[in-house]
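Beneath this line is the structure, given in structure tokens, with notes to follow.
The values are calculated or read from the model by the stated rules, or taken from the named source; none is laboratory data. Keep in mind that what you see is a predicted model, and the values were worked out from it rather than measured. Glycine gets a Cβ as well: all are built from the backbone with ideal geometry, and neighbour counts include every protein chain shown. Quick note on the areas: whole protein, heavy atoms, side chains included, nothing else; ligands and nucleic acids left out. Shrake-Rupley method; radii C 1.70, N 1.55, O 1.52, S 1.80 Å.
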Amino acid sequence: MGRRKKLINHTDIPQYEIEKIARCILPDILAYYDSEEGQREFAEWKAQREQDQTQDNDT
């Protein structure tokens, strides 16, 4: 069985509350990234990130 990753929480918000919120919004995030708009924006983000990394390697 895999080891559970240690969570980093530097806030006054209890970890269980953060996990509750994450469970509530995860379906919406997944639906967005499955949509055409989400796919397009993700592709744009990836292209920009690759361009930034190429520029960083050139300097």
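The table for this structure:
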{"quantity": "Residue match in the stretch 8-20 (condition: assigned to a helix (DSSP H, G or I), open to solvent by 80 Å² or more (accessible area, probe 1.4 Å) and not polar (S, T, N, Q))", "calculated": "yes"}
{"quantity": "The stretch 33-51, residues that are surrounded by 11 or more Cβ atoms within 10 Å (Cβ to Cβ) and modelled with pLDDT under 95", "calculated": "33"}
